[in-house]
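**Q** For reference, the structure I am asking about is given below.
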Amino acid sequence: MTARTQPIQVVIADDHPILRDGLSRLLEHEGGFCVVGQASNGTEAVRLARELRPDILLLDLAMPRASGLDALRELSALPDGPKVLLLTVAIEDAQIVEALQLGARGVVLKEAATELLFKAIRSVMAGQYWVGNDTVTDIVRHLRELSGNGKGSATPAERLTARERQVVAGVATGESNREIATRLGLSEITVKHHVSNIFDKLGVSNRAELAVYATSRGLVGLQPPTNGDQTKP
């Protein structure tokens, strides 16, 4: 995979012009980023996302006309919409869960250091999900409550086969089914079946929830070797 040579195109959506301008200057000064638009409300954020097709949308949770979650609902219908990072002063766990279910790639608190914001954007561009480690445990609890799968004490290692752990690791790091299939020497159909089984076993309903679950339970980066592995798909 070749390194990206073009700057990451960003749209900033926040109802405070001082914050928008400040973030824009920080991103431009850092290098590797290009702020292509600014929005002052959720409706305008959706419009700019459609018109400008940025790589990243930094989306404030609380805005006039349409909230960040309302904007996410509209953006979820776009076939090739931007990767969305929620930018907020505070957020409840249940809101994070809802945001991930609506397609958000993560959450950054406004009080976070600017270096953390840069890292979050780059991580999301690399296909990962960005959720602070201090909230992951509670997020997983909410996901399990929502799914009704909070029964039992079996660990993920006990629920998943070795092959399923390999697939989980790929989903959590942003690989598509095709990329996972190529890496593991499987067909896309087989990978799709594995993903469906994993959803059922862990009580999650989409890839974002699975990524959060996998990150919180240490399933990322711990998959068994793909070569010479005796585990059947």
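The values are calculated or read from the model by the stated rules, or taken from the named source; none is laboratory data. Everything quoted here is computed from the prediction, not taken from an experiment. Here the Cβ is made from the backbone with ideal geometry for all residues, glycine too, and neighbour counts use every protein chain on show.
**Q** Test residue 53 against the criterion of being in the same structural domain as residue 106 (by TED's automatic domain parsing), farther than 19 Å from residue 107 by Cα and in contact (Cβ under 8 Å) with a residue 12 or more places away in the chain, and give yes or no.
**A** Judged against the criteria, residue 53 is a match.
**Q** Follow-up question, since we're still on this one. For the stretch 7-16, check the following and say yes or no: at least one residue is out of contact with any Phe, Trp or Tyr (no Cβ under 6 Å at 6 or more places or on another chain), in a helix (DSSP H, G or I) and of a type outside the set (D, E, K, R).
**A** no
**Q** Give me the residue from the stretch 1-55 that is touching a Pro at 6+ places or on another chain (Cβ under 8 Å) and of a type in the set (D, E, K, R) and, out of that set, surrounded by the most Cβ atoms within 10 Å (Cβ to Cβ).
**A** 55
**Q** Can you tell me which of 136, 191 is at pLDDT 55 or above, surrounded by 16 or more Cβ atoms within 10 Å (Cβ to Cβ) and either outside the structural domain of residue 14 (by TED's automatic domain parsing) or of a type in the set (Asp, Glu) (or both)?
**A** Residue meeting the stated conditions: 191.
**Q** Could you tell me whether residue 157 is modelled with pLDDT under 60 and among the hydrophobic types (A, V, I, L, M, F, W, C)?
**A** Yes, satisfied.
**Q** Across the stretch 58-100, what is the number of residues that are part of a strand (DSSP E or B) and under 16 Å from residue 124 (Cα atoms)?
**A** Qualifying residue count for the region: 7.
**Q** Could I ask something else about it? So, in the stretch 23-49, exactly how many residues are under 17 Å from residue 121 (Cα atoms) and outside any strand (DSSP E or B)?
**A** Total meeting the criteria: 11.
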